[in-house]
Structures are given as structure tokens and as C-alpha cells.
Amino acid sequence: MSEIESAKQETRIFNPPAEFAKNATISGMQAYQALRAEAERDYEGFWARLARENIEWHKPFTTTLNETEAPFYKWFEDGQLNVSYNCLDRNLKNGNAAKTAIIFEADDGKVTKLTYQELHGRVCQFANGLKALGIKKGDRVVIYMPMSIEGVVAMQACARIGATHSVVFGGFSAKSLQERIIDAGAVALITADEQVRGGKQLPLKAIADEAIDMGGCEALKSVIVYKRTGGNVKFVEGRDLWMEDVVANQPDQCEPEWVDAEHPLFILYTSGSTGKPKGVQHSSAGYLLWTMLTMKWTFDLKPNDIFWCTADIGWVTGHSYITYGPLAVGATEIVFEGVPTYPNAGRFWDMIARHKATIFYTAPTAIRSLIKAADADEKVHPKNYDLSSLRLLGSVGEPINPEAWMWYYRNIGRERCPIVDTFWQTETGGHMITPLPGATPLVPGSCTLPLPGIMAAVVDETGQDLPNGQGGILVVKRPWPSMIRTIWGDPERFKKSYFPDEFGNKLYLAGDGAIRNEQTGYFTITGRIDDVLNVSGHRMGTMEIESALVANPLVAEAAVVGKPDETTGESICAFVVLKRSRPTGDEAKQIAKELRDWVGKEIGPIAKPKEIRFGDNLPKTRSGKIMRRLLRVLAKGEEITQDVSTLENPAILDQLKQAQ
Ligand code: 6R9
């Protein structure tokens, strides 16, 4: 059944538990509708009110939204603030100094707790250390670190001195890291000797060295290394420093650098439909505001909550719901170094029980793999764990299929906890379409309704609204404070990707398809409508993987498509033409392995194709265009029913049918 069909047929509804609704920040649908109405009545007034109530400003703003250079929107333009001050100092003043900010659990189970006072001190010391190295406001700093307190400290310290950070996920290769260092023009790199995941030590500093040795990183003056394992690393005199030496003797107070509301807090690279990753640039004030509001609205955060977002700080979810949002609202949060399957697949459930987590936010791919693990081994079934502390569950990164939703609801939430299926993107900064746990009746597989102030809609190719029940293109009709500001160094690409001419440069194009339910108006996301794949909740461009493949000397041509996968949502299937004759049997297996490893080195292990098929050619139109939609059908193992008369070489389809 297609996603559109299953969304249309889903009729189960789960109302918010009465107790939950009673105490919720947004309590009941009327409260939600009232906020929406406020935004519709006076859009700027709505955002201005929230920005005044939630952010502590160094200098108050007087203009709310500047649209004169649209789509380069500016929010709260003449206001000044510091994001780290809002996350840390404010908590010291608010009586949260002795409150636990972070419960860190290492891969081996060792737990370290840090109060707001301690975190503030650590961030200030490191910020002072960065300043001593000459790093200043506006400089770019790349962070390539494991999940750690130090990773959060590094990001917050950059924010404190007004340096723009760009975190690169620790699973990316040397080449990917090098490209990002160059594109951002980074003056410093913060990394670790090694990272520890699933009982294994994996290098980071050695990969960073390799990246820098590839050349082009001339702007990079300092490499700061957090000693995680004490593993062997090479140091370059005059460039490399231990993090512990950078902070040694630095005072634990550091006056924050006040920045303009629009000052770029961070750049985060993500995949688009062309080969080169896009440096998504975010602001300071608008971004901070939305991470705070979504913590309060979507997660209904209360002072006693123990909040756990399992994402990595290398992704936007880790930025908004580990480094910034939870701290800005004074939450206690869990930060986890390891993986869900080590020492066994009960790790998440065990951690929830031990730390008494109340809010748990994870990805469908993790849920699906833990369902499988629980089916295979009774011992790691969630029923064996005390999950009574939980009151709210969340999902992010990809569509959650109704079966996985139901399992999550029954086995983890024990039918007591609402599930917030949060639809959003690197570009949106925070949640866009999501249930409110104390208001929205839930329907499995639907992210339900846009948050107040988010003008989401489903339109056709000409930008006209579609009626409910008709699938189309997901857009946002008005700018919102936490939206992407530009693509770093490429404003034209920003315009073309998100505010294209076809829609009069007025509609934000998410890149996803959606359909709204005929009765409820609820949104269901039907997946990407561009050449972007979503594998285990990780975004990847098909062009990126194709470029990596053709960079291999054996490869003449490659086309990459997504294939539905039970566990990872989508998997990567590559169709490859070699410069030599088409390999078969063991030789094909051998070359496929070589190419997979090659892609792992070019981009990172997450981009390795699960399946590689070799052909003498690819299905092309007479004008030479690769027919990817046919390849998608072949990848799924389905029969081709479409018209293939425009194909130059229809015989090739038979050859590519079989998986090798
Ligand atoms: C936060 C994040 C964004 C893409 C997005 C969409 C998919 C994310 C989803 C979802 C359906 C949800 N996506 N959340 N699809 N339901 N609740 O994941 O950012 O890595 O940029 O990915 O992920 O396709 O366009 P990012």
C-alpha cells in the first residue's frame, strides 16, 4: 500500500490523557486554536510578544520582521543578545545554579553529572581559551567530536564568543570533513583523539589530520583535541593543542560577546539534490526563540522533567534539542555517548529506567531496529524494564509507520504517553508540524498539525492550494524566526532551492510531499520529492553518492536510488557501469565491496550503498537522461509497467533486474 493510501485509511485516534492535558502548557485544542488565531490576526505581534517573553535581550529589538530583501528575511534585527548567556547565565540567576543540567552516560555506562553552575564554568573557561588563541566573533570553528559534555561545551563556548560553529558528524570521512573546513573557511577545528561507540575505539584526530593533509585548509590555525581515550595521536607543533591545556588556568567567568539577532550562530551542512552539501546558516535570536518555544510547546517541558534526545550533536536534532533548547529552558537532560545496541539492545530502556527519564525523543529507525531485537531476544524486550517515569515520547527524522508507532505507544509508552511525531528539517531550525501532547488527538503515522505561527500548506506545481485528500508539495507560506537564513557562501543556491521562481519566490519549499486528511486536515508527510534519500533518518543526496562512485577509477557511470527498507526506512541501491566489462559472480561481489568501502572513505560509512548492481549501461532516454524512476522500480524488485518506449536501450532493464 502506498503511503498516501495508508494515510487515508488510518482511522485510529488517541486522545491526550486527561491528566496530561490538564497540566499541559498548551492545554486542549482551544488553547492551540487561540494561539493560531493570534498569529493569523497579528503575525508580527505574535512573534514579537513571544520573543520578548522568552529571550533575555541585551538590547531590545524594535523591528520584528524585515522583508525588504526577501527571501533573505531578518527577524528582531536591531536586538542584541548572546545565546550562551540565555542558556547558562540566565539559569544561574533563575535559581537553577545547583540543578543538574547534563546527565552524561558514557559508552561503558559511566555516569557524569554536571550542574548549571559547573557547565557555565566549563563553557566560560573554554571560551576564554578560544579567545586566548585569537578566535573571535565571526570566525568559523569546525567541531568534529563524539557525543560528550565537551562537545556541548565546545558549541556553547563558540556561541559565547560569537564564533560561528559548524559541527561535522563524527561518522563523516576525512574528505567530507576537509570539504566542510574549506567551505566554512574555518580558523579552528575542535576534535577528540578517538570516539567510543559500542565498545570500540574509533579514530577522530587521525581522520582530522588526513583531512587537513588533503590541502586547502590554509585558514585553519588551531586544532584543539579533547582527550577521550588517551589513544595514540600525532601532534603538529604550533597547531595542535589538548583541550585540557587550552582551558588550564582560564577563569571560569567570561563576559559574553553580545551579537546582533541575525548573527550566524551556526552553519550545518546537509544534503541537497546536487552533489555539494549545503551549509545551512542559522541566526541567533530567531533560532533560540524557536528551540525554546518548541521545548515548551511540543515537549511540554516542566521543571522536574528528565529530557532525553538520543540524536547526535552532529545533526540538527542534536543542536536544537541537546545543545540549545533544553539548556535555554533550564531542563535536566541526558546525553548519551554510545549506541542503542550495546552492551545489548535493551540499553535505551535500561537508561530510561536508571535515570528516570520522563521525555524520550528518538528516531523511527532506532525504534524499528529495537522492535526486531526485542522479537529476537526476550531479555531485551522493553517489558522487562521499569519505564514508569516516562510521560511523553517523541519521534523525528523520517516518517514513522503506523506499526512502529503502535509498538512505541504500547511497549514504551504503555498506552499512557502521547507520541509527538515531529516533522522538521535542518533548514527549519525546530519542529514545524507536530502534535501538541496536551491538545492534539493522535493518529498513528501523521505529524498532525502545524505549530502556531507556522503557515504550512499543500500546493500543486503552480503553488495553488490543494484541497484536503489530495497529495502535493509541502510549503510554508510565511517566514518564521528559526528558518534558514542562507546557504553559506551561496545565496543564489539558497533562493533557488527554497524560494524558487516557480512559486514567485514567496513559498518556502521543504522538499517533501504531503497530504492532508479529508476530515481532520492532519498532515502526513509522503517523503522527499527531490533527489534526497533518508537512510536511518540521515539525509543523503543521490548525486553526492553518485559523484563519489564515479570518482573511483573503475567506474564509468553510476545512478543511485532509494529502496524501501523495513529497518532503515530507505536503503541505497547503486546501478554501476564499469569502464571494463560487466563483472559477474564472485568478481562482482568483490568489486561491489571495493566500491562500498570507497564510498565509505569518500563520504562516510552511512553513505555506503547496501546494494550495487552492475550493467553494461543504464536505462536512458534518447536525449541521454538516466531514467531514475525505472531504476527505483527495479531496485524494489517490481515489474516495470510504465511506458519504456522513450528508452534508448530497453534491453538493459533485464540485465539490471537481478540483484547480484
Ligand atoms: C530534523 C531532521 C529532514 C527530512 C525532512 C523529511 C524527513 C524529518 C520527519 C520526516 C516524516 C517526520 N523527516 N522528520 N518525515 N515525518 N516526523 O530530521 O532534519 O536531517 O534535515 O531531515 O527528514 O523528509 O525533509 P534533516
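The values are calculated or read from the model by the stated rules, or taken from the named source; none is laboratory data. As the structure is a prediction and not an experimental result, all values here were calculated from the model. For neighbour counting, all protein chains shown are included, and Cβ atoms are generated from backbone atoms with ideal geometry for every residue, glycine included. Quick note on the areas: whole protein, heavy atoms, side chains included, nothing else; ligands and nucleic acids left out. Shrake-Rupley method; radii C 1.70, N 1.55, O 1.52, S 1.80 Å.
General remarks:
- For Tyr269, the residues 5 or more places off, or on other chains, whose built amide H falls under 5 Å of its own are Val280.
- Residue-normalised accessible area of region 23-137, expressed per residue, 1.4 Å probe, Å²: 44
- Taking every DSSP helix (H) stretch of at least 4 residues in the chain, weighting each as -39,500 (n - 2.57) and dividing the sum by the residue count yields a mean residue ellipticity at 222 nm of -8500 deg cm²/dmol.
- Taken one residue at a time, the phi angles of region 64-78 give Karplus couplings (6.51, -1.76, 1.60, θ = phi - 60°) of 8, 10, 10, 10, 5, 10, 3, x, 8, 6, 10, 10, 6, 3, 8 Hz. Gly and Pro are set to x.
- Placing unit charges on each Cβ (+1 for Lys and Arg, -1 for Asp and Glu) gives the chain a dipole about its Cα centre, and among Val420, Leu449, Ala285 the Cα reaching farthest toward its positive end belongs to Val420.
- On the basis of the beta-carbon distance and an R0 of 41 Å, Lys593 and Leu92 show a calculated FRET efficiency of 0.15.
- Beta bridges by DSSP in region 536-656, antiparallel share as percent, to the nearest 5: 75
- Using Cβ point charges alone (K and R +1, D and E -1), the dipole size of the chain about the Cα centre works out to roughly 560 debye.
- Within the straight-line cut-off of under 18 Å between alpha carbons, the lysines reachable from Lys383 are Lys356, Lys372, sequence neighbours fewer than 8 places apart in one chain being disregarded.
- Taking only the Cα atoms of the chain, the radius of gyration and Dmax are 24.4, 74 Å.
- Residue-count net charge about Arg140 - beta-carbon cut-off 13 Å; Lys, Arg +1, Asp, Glu -1: +2
- Rolling a 1.4 angstrom probe over region 452-606 with all protein chains present gives an accessible area of which 50% lies on carbon and sulfur atoms.
- Full-extension gain in nm, Leu241 to Asp501, via 0.36 nm per residue minus C-alpha separation: 88.8 nm
- Spatial separation of Cα centroids for region 171-223 and region 44-72, in angstrom: 37
- By DSSP, the beta bridges lying fully in the chain are antiparallel in about 60 percent of cases.
- Partnerless cysteines, meaning none of the other Cys C-beta atoms lie under 4.7 Å away, in the chain: Cys87, Cys158, Cys217, Cys309, Cys417, Cys447, Cys573
- The chain - percent relative contact order, Cα under 8 Å, separation 6 or more: 14
- Coupling constants for region 95-110 follow from the phi torsions by the Karplus curve (6.51 cos²θ - 1.76 cosθ + 1.60, θ = phi - 60°), and in residue order they are x, 9, 3, 8, 6, 5, 8, 10, 9, 9, 10, 7, 3, 7, x, 5 Hz; glycine and proline get x.
- The residues of region 536-656 have, on average, 46 Å² of accessible surface per residue, using a 1.4 Å probe with all protein chains present.
- If you take the Cα centroid of region 526-571 and the Cα centroid of region 354-404, the two points sit 27 Å apart.
- Shape call, region 131-190: gyration tensor on alpha carbons, a/c limit 1.5: oblate
- Shape metrics for region 536-656, restricted to C-alpha atoms - Rg then Dmax, Å: 13.9, 39
- For region 334-342, 3J(HN,Hα) per residue [Karplus equation, 6.51 cos²θ - 1.76 cosθ + 1.60, θ = phi - 60°, Hz, x = Gly/Pro]: 9, 10, 10, 7, x, 10, x, 10, 10
- Selection from Val644, Ala345, Trp57 lying farthest towards where the dipole of the chain points positive, charges on Cβ: Ala345
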